[in-house]
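The values are calculated or read from the model by the stated rules, or taken from the named source; none is laboratory data. Everything quoted here is computed from the prediction, not taken from an experiment. Cβ coordinates were reconstructed from backbone atoms using ideal geometry, including for glycine residues, and neighbour counts include every protein chain displayed.
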Amino acid sequence: MKNILESKFIQEFSNVIDRMYLNGWDERNAGNVSYLLLEEELSPYLDLSKKGRVHQLQIDAHKLAGKYVLVTGSGKYFRNVKGNPEANSCIIRISQCGTHAEILWGLKEGEVPTSELSTHLSSHIARLEVDDTHRVIIHTHATYLNIMSAVVDLDEKNFTKALWGLNTENIIIFPEGIGIIPWEIPGNGLIGKNTANKIKTYKIVLWPLHGVVASGETVDSAFGLIETVEKAAMMYIVINNYSNYKTINDEELIKLASAFKVTPNKEFIK
Ligand code: 2HA
Ligand code: ZN
């Protein structure tokens, strides 16, 4: 077997987690990431005929039956993942009935995947229904988006337009806008269901006073989406201290969308 620590997927996963830590988004055990792995990607590194430790799931995940997921561990710190991916994350295989997963690699006996595993699995199911190339879910406590959620009305249209209006390329990168769920208790409860409902339409969903959940076909695209939205939020927070600042108007936004052949959310702009 090849050394899994040298695999492209472990490298991408630990590098992006480290980057988010260095961005100041993931203090202590904040944040969690999951990455759907293909069997052919994984098989050079792991003997997939072996059974793993059983981990009971809190949702019905039969739509992900047989899928492999690289995911961060519960209580683990982003700061430590790159130095020791095996101690801080794991690879699970979802059972055929979808009630449990097997932990095939990583984490010690007694340790389990992230407390947001239900959010991750429900969001993967939801995104795969609309995009069969989907593979990555990232939850992170992006700083300026959190600040913005504290001071701006939690209205998807207003919030999205504030973000689109501050950077010319934003409407091209997230033409569907940003989804927002009501404030909710983190963990294996309603928050996952609410996020999954939103993430079908919006590739990024805001958890007010907490963080975001973003999806992507690759680690780069999910992370790139968060940094784009986070930078606009930073601009919003800084610029709001000035009077008479300029924003990109609706007519210009429509021109941009048409020039780059994207369809912006029709509820937000006509
Ligand atoms: O894993 O970020 O939302 C810690 C969290 C929970
Ligand atoms: Zn969180």
Having 2 or more residues that are among the basic types (Lys, Arg) is the bar; report the helices (runs of 4 or more DSSP H) wholly within segment 178-270 that clear it.
190-199
Can you name the residue in segment 224-256 that is closer than 13 Å to Thr168 by Cβ and among the hydroxyl-bearing types (Ser, Thr, Tyr) and, of all such residues, is nearest to the chain's Cα centre (by Cα)?
Thr228
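Conditions tested, residue by residue: (1) within 16 Å of ligand 2 (Cβ to nearest atom); (2) modelled with pLDDT under 95.
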{"residue": "Asn158", "(1), (2)": "no, no"}
{"residue": "Thr168", "(1), (2)": "no, no"}
{"residue": "Ile181", "(1), (2)": "yes, no"}
{"residue": "Gly187", "(1), (2)": "yes, yes"}
{"residue": "Tyr202", "(1), (2)": "no, no"}
{"residue": "Val219", "(1), (2)": "no, no"}
{"residue": "Leu225", "(1), (2)": "no, no"}
{"residue": "Ile237", "(1), (2)": "no, no"}
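So that you can scan it fast, the table gives a plain yes or no per residue for (1) of a type in the set (S, T, N, Q); (2) within 16 Å of ligand 1 (Cβ to nearest atom); (3) under 18 Å from Asn3 (Cα atoms); (4) touching a helix residue (DSSP H, G or I) at 6+ places or on another chain (Cβ under 6 Å):
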residue: Asp47; (1), (2), (3), (4): no, no, yes, no
residue: Lys51; (1), (2), (3), (4): no, no, no, no
residue: Val54; (1), (2), (3), (4): no, no, no, no
residue: Lys63; (1), (2), (3), (4): no, no, no, yes
residue: Gly73; (1), (2), (3), (4): no, yes, no, yes
residue: Lys76; (1), (2), (3), (4): no, yes, no, yes
residue: Asn84; (1), (2), (3), (4): yes, no, yes, no
residue: Trp105; (1), (2), (3), (4): no, no, yes, no
residue: Glu109; (1), (2), (3), (4): no, no, no, no
Among the residues of segment 136-156, is there at least one that is in contact with a Pro (Cβ under 8 Å, 6 or more places away or on another chain) and away from ligand 2 (no atom under 16 Å from the Cβ)?
yes
Would segment 159-176 turn up any residue that is of a type in the set (Ser, Thr, Tyr), surrounded by 24 or more Cβ atoms within 10 Å (Cβ to Cβ) and away from ligand 1 (no atom under 13 Å from the Cβ)?
yes
Considering only residues that are closer than 12 Å to Gly66 by Cα and in contact with a Lys or Arg (Cβ under 9 Å, 6 or more places away or on another chain), look in segment 93-115 and name the one that is surrounded by the fewest Cβ atoms within 10 Å (Cβ to Cβ).
Glu102
Please identify the pairs in which a residue from segment 210-237 that is touching a residue at least 60 places away in the same chain (Cβ under 8 Å) has its Cβ atom under 7 Å from the Cβ atom of a residue that is surrounded by fewer than 18 Cβ atoms within 10 Å (Cβ to Cβ) and of a type in the set (Ser, Thr, Tyr), counting only partners at least 6 apart or on another chain.
Glu217/Thr133
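Just to be sure I understand, how many residues within segment 17-40 are away from ligand 2 (no atom under 16 Å from the Cβ) and under 21 Å from Leu117 (Cβ atoms)?
The total comes to 5.
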